[in-house]
Amino acid sequence: MRTARRRAAEEEDADVVHAPSRARDPDVQGVVERDGVRLAYEVFGRDQHPTVLLMPTWSIVPSRHWKAQIGYLARHYRVVTFDGRGSGRSDRPAGAAAYTDDQYAEDTLAVMDATGTEAAVLVSLSCGGTWSVHVAAGHPERVLGLFAIAPACGFPVSQPEREQYAWGLRHEARQGWARYNRYAWLEDDYDGFLSFFFGQMYSEPHSSKQIEDAIGWGREVAPRTLVDTTAGRMGCDGAVCLPLEPLCRQVRCPVTVVHGTEDHVRPHAVGERLAGLTGGSLVLLEGSGHGPHARDPVRINHLIRAFVDRVCPRVERTTWTRAARRPKRALYLSSPIGLGHAQRDAAIAAELRLRHPDLQLDWLAQHPVTTVLAERGERIHPASAWLASESGHVEHELGEHDLHAFQAIRRMDEILVNNFMVFADVVAEGHYDLVIADEAWDVDHFLHENPELKRFAFAWMTDFVGWLPMPAGGAAEAALTADYNAEMIEQRARFRRVRDRSVFVGSPDDVVDADFGPGLPPIREWTEANFDFAGYVTGFDPAALAGTDELRRDLGVGPDEKLCLVTVGGSGVGGPLVRRVLDAVPGVRRLVPELRFLVVTGPRIDPATLPGTPGVMVTGYLPDLYRHLAACDLAVVQGGLTTCMELTALRKPFVYVPLRNHFEQNLHVRHRLDRYGAGRCLPYEDATDPDAFAEAIAKEVTRELAYRPVETDGARRAAALLADLL
């Protein structure tokens with residue numbers, strides 16, 4: 001356990017590390033110095049009006065706690081954030097006097113001046129509500145409105161469970177709110193306090209990610225700094241605080257207060273008092289805790305936007321079409337992580353159009369899916385440009401052929417919020433009859449969290465069910481995956497009306513024979529009760545393929561030669577595997593001299609970055625990859641489902657190398673391929689030895705195949721399940 005002194009030293013020596021993937025990067029980053037204290041700020045957007053200033057809160061967390069708001073708000077307004085003194089990339093002055101309410105108010109004005117912000121709507125959380133009142137009362141010309149979430153103002157509101165433990169006195173007790181104590185922070189288990197406090201802040205079930213984030217941020221702040229910030233706010237250790245109630249009565253701008261009824265940090269009576277003193281409106285969130293902006297981001301984002309638009313109305317032109325005049329319209333969402341979804345979704349869309357020739361189909365999609373769709377002349381909705389890159393996030397998370405898929409998706413939370421908000425804007429204006437979501441996890445999750453937003457038929461598609469822990473994650477990861485599964489099961493039980501159709505791309509036996517977690521149902525049993533099964537969707541009919549001999553000739557493959565195709569999917573995660581294959585090529589060609597290689601890098605790996613190797617052709621994205629798969633004699637691929645199943649349908653021998661720690665490839669996909677008797681699974685560790693890898697590839701060339709047949713009518717069956725929703 002680190003001591004307070006060591007923690008403080010580390011804090012001084014190291015810059016705070018921000019989350020690696022963001023929904024939106026700042027347009028401007030800067031630092032302004034006020035009275036010797038440096039304050040780090042960020043600006044998102046340049047020309048939009050008005051400006052929304054997301055205020056700092058208690059120094060236990062930096063401005064990153066607004067991550068679920070920034071991407072959405074910055075599409076509509078100019079957004080400014082800054083790390084309050086004592087947190088993030090800002091300085092940590094010593095002493096309680098440096099952290100009084102008026103210091104934070106003056107910091108706010110300094111940041112506004114530095115960013116050229118004449119006036120702004122101030123949006124705050126917890127302690128930031130007090131500082132917003134100070135700014136609005138003292139400088140009314142700078143504040144257009146106050147939007148206060150879970151304000152922690154120092155009004156005389158009773159909290160017996162906290163008041164029995166004075167913050168500034170030693171207590172023998174070290175449990176519950178007794179942990180909220182300066183001596184406990186400085187002398188005891190600081191991590192224990194962080195876990196307790198953020199567990200109280202996020203009182204809603206299934207809040208593991210929000211708690212995990214906050215604990216991580218809390219560890220970036222030294223206990224001594226946290227003591228100073230609290231003493232300054234409470235008027236201890238020589239700090240002087242002005243009474244807040246008289247200042248509240250001086251506020252003249254519009255005010256909205258939002259407070260959860262299950263706030264265990266500051267009761268909603270505090271929010272009611274702030275609204276009453278300022279003449280503002282009050283929104284109570286039944287069942288919400290102290291951090292609804294993170295736990296219920298969709299609702300909070302919509303409330304903020306409604307408030308800002310009311311305070312600063314803008315002239316907008318809209319068009320409404322009578323329902324009887326509207327054409328049939330569908331919005332298709334295809335997962336951007338890889339290219340497999342795009343191939344099957346385009347095939348399903350083609351079948352759907354056969355049943356509804358008058359259907360207008362839009363795609364809300366991002367690269368690399370848009371590459372496939374553009375080749376087919378599909379219409380990409382212009383709002384797709386607002387989507388944050390999920391493939392880019394996945395590539396950032398990648399190690400050497402190592403992608404912890406479950407944790408990568410958890411850490412993609414702000415991107416998923418941003419992309420759902422894009423979706424919500426699109427469907428609010430688009431009058432869609434049907435939304436088809438192929439593993440659009442953000443849309444399915446947040447529609448269940450906000451079922452009132454559903455105004456269309458909704459079809460969910462997936463080729464696996466159940467988050468599964470990898471063995472290396474131990475008991476902690478098993479508990480997390482079970483919690484995620486339990487939340488999904490609860491959502492489906494309570495809001496079955498959200499999905500009008502749940503389609504599994506496969507057959508019941510393709511579902512893993514495992515449990516969702518302790519006390520939860522078996523995955524296959526639950527899936528059979530909750531899904532329709534379309535069979536697998538290849539996107540092409542293997543029996544109808546022709547011209548592969550001509551394609552082989554075009555590739556320069558002679559009649560006495562064999563072709564090994566190497567492909568690693570549509571994202572950039574396959575680079576290490578491609579290089580391992582290239583290392584093994586000389587050994588393979590010694591064992592099988594007639595074998596030539598075609599390496600397909602896909603749209604996100606530059607072929608020019610790979611070394612030249614005799615006997616190897618390298619190409620980028622191929623829109624008709626399945627034809628090349630049909631033309632090859634052998635393939636080496638990742639463990640992605642689509643390519644492996646295409647090879648199975650084409651009855652080709654192949655070696656597949658699942659990404660390490662990727663639960664879907666190692667568990668769900670492998671289960672399905674084992675059922676078909678297809679492919680040879682090779683751990684990546686074996687692929688790092690060129691000779692062993694070469695031997696595995698060479699052996700596969702001559703393997704006799706006995707694959708189970710793959711369905712060829714999956715697209716038609718899937719379209720039939722969707723057609724009646726129109």
One residue from 121, 133, 79, 61 being in a loop (DSSP other than H, G, I, E, B), in contact with a helix residue (DSSP H, G or I) (Cβ under 7 Å, 6 or more places away or on another chain), hydrophobic (A, V, I, L, M, F, W, C) and surrounded by 22 or more Cβ atoms within 10 Å (Cβ to Cβ)
61
Residues of segment 264-306 being touching a residue at least 60 places away in the same chain (Cβ under 8 Å) and polar (S, T, N, Q), in sequence order, are 278, 288, 301
All helices (runs of 4 or more DSSP H) inside segment 179-263 with 1 or more residues being under 30 Å from residue 445 (Cβ atoms):
190-201, 208-218
So which helices (runs of 4 or more DSSP H) are wholly in segment 617-709 and hold at least 2 residues that are in contact (Cβ under 8 Å) with a residue 40 or more places away in the chain and among the aliphatic types (A, V, I, L, M)?
625-631, 641-649, 690-701
Looking only at segment 511-547, and only at residues there that are part of a helix (DSSP H, G or I) and touching a helix residue (DSSP H, G or I) at 6+ places or on another chain (Cβ under 9 Å), the one that is most open to solvent (accessible area, probe 1.4 Å)
528
Under 7 Å between Cβ atoms, which residue pairs at least 6 apart in sequence (or on different chains) link something in segment 44-59 that is at positive phi with a partner that is in a loop (DSSP other than H, G, I, E, B) and buried (at least 20 other Cβ atoms within 10 Å of the Cβ)?
45/77
Which members of segment 503-529 meet the condition of being among the small types (Gly, Ala, Ser), touching a strand residue (DSSP E or B) at 6+ places or on another chain (Cβ under 9 Å) and within 21 Å of residue 477 (Cα to Cα)?
514
If a residue must be open to solvent by 30 Å² or more (accessible area, probe 1.4 Å), in contact with a strand residue (DSSP E or B) (Cβ under 9 Å, 6 or more places away or on another chain) and among the charged types (D, E, K, R), how many such residues does segment 342-360 contain?
1
Scanning segment 676-726 residue by residue, those surrounded by 15 or more Cβ atoms within 10 Å (Cβ to Cβ), among the basic types (Lys, Arg) and over 30 Å from residue 329 (Cα atoms) turn out to be 680
Only one of these is basic (Lys, Arg), crowded, with 18+ Cβ neighbours inside 10 Å and over 18 Å from residue 654 (Cβ atoms): 590, 604, 552. Name it.
604
In segment 145-195, the residues that are touching a strand residue (DSSP E or B) at 6+ places or on another chain (Cβ under 6 Å) and either of a type in the set (Phe, Trp, Tyr) or open to solvent by 40 Å² or more (accessible area, probe 1.4 Å) (or both):
147
Given (1) open to solvent by 10 Å² or more (accessible area, probe 1.4 Å); (2) among the hydrophobic types (A, V, I, L, M, F, W, C); (3) without any contact (Cβ under 8 Å) to a residue 60 or more places away in the chain, residue 363 misses just (1)
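The values are calculated or read from the model by the stated rules, or taken from the named source; none is laboratory data. The model shown is predicted, which means the values in this text are computed figures rather than measured ones. Positions of Cβ are generated from backbone atoms using ideal geometry, with glycine treated the same way; all protein chains shown enter the neighbour counts. With ligands, DNA and RNA removed, areas are computed over all heavy atoms of the protein, side chains included. Shrake-Rupley method; radii C 1.70, N 1.55, O 1.52, S 1.80 Å.
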